[in-house]
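J.: Sharing a structure with you now.
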Amino acid sequence: MWPLGRSTRPAPSLDEELLRGLMADARRWIARYAGPRPDLDDLLQESMAELVVALDHFRGESSVRTYAHRIVLRTTARELAARRLRGQRFELVAEVDRTSASDPERELGERRAVQKLYDALGKLSEKRRNAFVLCAIERLPRDEAATIEGTSVETLRARLKHARWELEAALQHDPALAPYFGGGA
């Protein structure tokens, strides 16, 4: 199996274990980027097909995982943009924990808040959205996020700052999300 760490070897062989490991990561990356969507598996399939092709061009300048992360984010962003142009809009779905005695109203409120957050994220530029998802949602270190984005840490920091400002402006008056922006009770 090809190691997921940094290497100077050329393209890794397309071994099944590598792809299986990357698929689990890719699914999580897509869910964090696009939100819990009913078409998540379609986005995963598109991303994995792009990744298989892209691995032939891997030069070993970063880890395979970092390279895969970049390909998956770009493929997902392109697919979401194409779906928006076609007028496709999906309501986010949430995993329901049927074992807990939870409050359905609270769950519905949380689900709506997540929908509003991802709607607002969808209005950001791809670069700012990527910076926000990588740093604020995935909680990656800024240097790793900058490597994934192929930019400097300073540029990534500026994109993240602007993404936060835009999201705050869009969501600060929403009662469910205002507490996250300092405007809530």
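J.: Starting from residues that are β-branched (V, I, T) and within 20 Å of D25 (Cβ to Cβ), keep the ones in the range 123-170 and report whichever is modelled with the lowest pLDDT.
T.: In this case the residue turns out to be I137.
J.: Pick from A24, A77: which is open to solvent by less than 30 Å² (accessible area, probe 1.4 Å), at pLDDT 85 or above and small (G, A, S)?
T.: Among A24, A77, only A77 is open to solvent by less than 30 Å² (accessible area, probe 1.4 Å), at pLDDT 85 or above and small (G, A, S).
J.: Before we move on, is T99 of a type in the set (V, I, T), open to solvent by 80 Å² or more (accessible area, probe 1.4 Å) and either farther than 22 Å from W29 by Cβ or modelled with pLDDT of 80 or more (or both)?
T.: Yes; evaluated as a whole, the condition is true for this residue.
J.: Can you give me the number of residues within the range 35-47 that are modelled with pLDDT of 90 or more and either over 20 Å from E126 (Cβ atoms) or open to solvent by less than 10 Å² (accessible area, probe 1.4 Å) (or both)?
T.: Residues that pass the stated criteria total 4.
J.: Also, quick follow-up: Working carefully through the options A54, A68, find the one that is in a helix (DSSP H, G or I), at pLDDT 85 or above and farther than 25 Å from Y118 by Cα.
T.: Testing whether each residue is in a helix (DSSP H, G or I), at pLDDT 85 or above and farther than 25 Å from Y118 by Cα leaves just A54.
J.: Does the range 130-151 hold any residues that are open to solvent by 50 Å² or more (accessible area, probe 1.4 Å) and more than 19 Å from Y118 (Cα to Cα), and which are they?
T.: Across the range 130-151, the qualifying residues are P141, R142, D143, E144, T147, G150.
J.: Would you please name the residue that is nearest to L171 (Cα to Cα), looking only at residues in the range 102-122 that are at pLDDT below 85 and open to solvent by less than 70 Å² (accessible area, probe 1.4 Å)?
T.: Within the range 102-122, the match that is nearest to L171 (Cα to Cα) is A113.
The values are calculated or read from the model by the stated rules, or taken from the named source; none is laboratory data. From a predicted model like this one, the values you see are computed outputs, not experimental measurements. Backbone-built Cβ (ideal geometry, glycine too); neighbour counts: all protein chains shown. Each accessible area value is taken on the protein alone, full model and side chains, heavy atoms only, with ligands, DNA and RNA left out. Shrake-Rupley method; radii C 1.70, N 1.55, O 1.52, S 1.80 Å.
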